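Asker: Pasting a structure below so you can have a look.
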Amino acid sequence: MNLKSIPKSLCLIWFALFLSLTAAAQQRPEPPQAKPEVPEAEQSQADESALIESIKNGDLEKIVALLASGVSADAADDEGKTALEWAVRRNRPDIAQLLLDRGAQVDKEDDENGTALEAAACAGRKDLTLLLLEHHADVNHRDRGGHAALLWTSFGAFWKSAPPWAMKAFGGDDEENEELVAIMGTEHYAVAEVLLKAGADVNSQAADCSLTPLMVAALSGDVELTKLLLKHRAKIDISAGEWNALRFASSFTAGKEFQDELGEITDDGRHPGQHGECDHGPVR
């Protein structure tokens with residue numbers, strides 16, 4: 001075939017077709033790249049962190065979505081504080097109820113072996129305390145330091161009105177103490193009543209500091225809480241080293257009414273006129 005005999009117009013058509021095919025090949029989309037797989041453990045940790053942050057922020061819609069996607073209701077932060085404990089710390093009974101409905105373990109421990117009930121008791125939150133007990137929280141569970149919920153209630157009543165020097169004396173930096181004050185409620189007496197009716201050990205003594213609920217009430221000068229504890233057979237003769245409740249009262253409390261209250265205790269630890277066993281009936 002003589003190339004010279006091919007019409008010039010046909011050559012131009014072939015050339016244009018060649019260019020169009022080349023351009024089409026260049027514009028053809030690349031096949032989608034597969035996303036790198038995230039290890040299951042890392043994804044689970046990220047989801048749990050998202051749930052904890054949503055609880056801290058009170059984002060109920062996101063919490064519901066995360067739980068619906070399969071995130072565990074027992075999620076915890078890097079200190080072991082559970083989603084349920086964070087719901088308590090943020091004073092959100094609705095979120096706590098949601099987590100419990102989705103299978104959260106009511107007595108799941110954090111890194112200090114603390115539980116949501118102890119957090120609720122310390123914060124003086126009666127509604128949350130009742131909710132957790134209704135889901136069979138262990139009223140006498142102890143954390144790593146040997147503190148049960150009733151002792152934490154006494155500490156909470158002390159902390160809500162304690163001067164800065166006292167806060168520092170019990171440990172914790174300024175930031176931690178500010179957070180503690182921020183979450184503190186006002187129903188410590190009512191919480192103590194609930195715990196005692198649920199069978200709390202009124203004479204439970206901490207393993208680390210040897211304090212009892214009565215000693216802490218004496219230290220803070222809380223007359224009403226002291227009367228309640230004595231009514232439920234709190235013993236005055238239990239000591240922490242050389243200190244007992246009466247010595248705490250006489251050393252740190254100026255109120256004569258309070259010291260008189262402790263001074264009238266009988267030898268067996270009962271308030272005068274108190275007879276028989278206390279009613280440890282079901283929580284109402």
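The values are calculated or read from the model by the stated rules, or taken from the named source; none is laboratory data. This is a predicted model, so every value here is computed, not measured. When we count neighbours, we look across all protein chains shown, and the Cβ atoms used for this are built from the backbone with ideal geometry, even at glycine.
Asker: In the range 107-124, what residues are in contact with a Leu (Cβ under 9 Å, 6 or more places away or on another chain) and not acidic (D, E)?
Answerer: Within the range 107-124, K108, T115, A116, L117, A119, A120, A121, C122, A123 meet the criteria.
Asker: Within the range 122-141, can one find any residue that is touching a Phe, Trp or Tyr at 6+ places or on another chain (Cβ under 8 Å) and under 17 Å from R89 (Cα atoms)?
Answerer: yes
Asker: Anything in the range 66-99 that is of a type in the set (S, T, N, Q), free of Cβ contacts under 8 Å to residues at least 40 places away in the same chain and out of contact with any strand residue (DSSP E or B) (no Cβ under 6 Å at 6 or more places or on another chain)? List them, or say none.
Answerer: Answer for the range 66-99, where residues must be of a type in the set (S, T, N, Q), free of Cβ contacts under 8 Å to residues at least 40 places away in the same chain and out of contact with any strand residue (DSSP E or B) (no Cβ under 6 Å at 6 or more places or on another chain): S69, S72, Q97.
Asker: Let me confirm something: among E109, E85, which residue is under 27 Å from V216 (Cα atoms), under 14 Å from the mean Cα position of the chain (by Cα), modelled with pLDDT of 95 or more and part of a loop (DSSP other than H, G, I, E, B)?
Answerer: Every option except E109 fails the conditions.
Asker: Ok, one more. Pick out, from the range 191-254, the helices (runs of 4 or more DSSP H) lying fully within it that include 1 or more residues that are touching a helix residue (DSSP H, G or I) at 6+ places or on another chain (Cβ under 6 Å), at pLDDT 90 or above and within 17 Å of A157 (Cα to Cα).
Answerer: Here the list reads 213-220, 223-231.
Asker: Of all residues in the range 42-63 being closer than 14 Å to A87 by Cβ and of a type in the set (A, V, I, L, M), which is surrounded by the fewest Cβ atoms within 10 Å (Cβ to Cβ)?
Answerer: L60
Asker: Shifting gears a bit: Is one or more of the residues making up the range 124-146 modelled with pLDDT of 95 or more, within 18 Å of V216 (Cβ to Cβ), among the hydrophobic types (A, V, I, L, M, F, W, C) and part of a helix (DSSP H, G or I)?
Answerer: No, every residue in the range 124-146 fails to be modelled with pLDDT of 95 or more, within 18 Å of V216 (Cβ to Cβ), among the hydrophobic types (A, V, I, L, M, F, W, C) and part of a helix (DSSP H, G or I).
Asker: Something else: Sort through A87, A123 and tell me the only one that's closer than 21 Å to L150 by Cα, crowded, with 19+ Cβ neighbours inside 10 Å and either in contact with a Gly (Cβ under 9 Å, 6 or more places away or on another chain) or among the basic types (K, R) (or both).
Answerer: After applying the criteria, what remains is A123.
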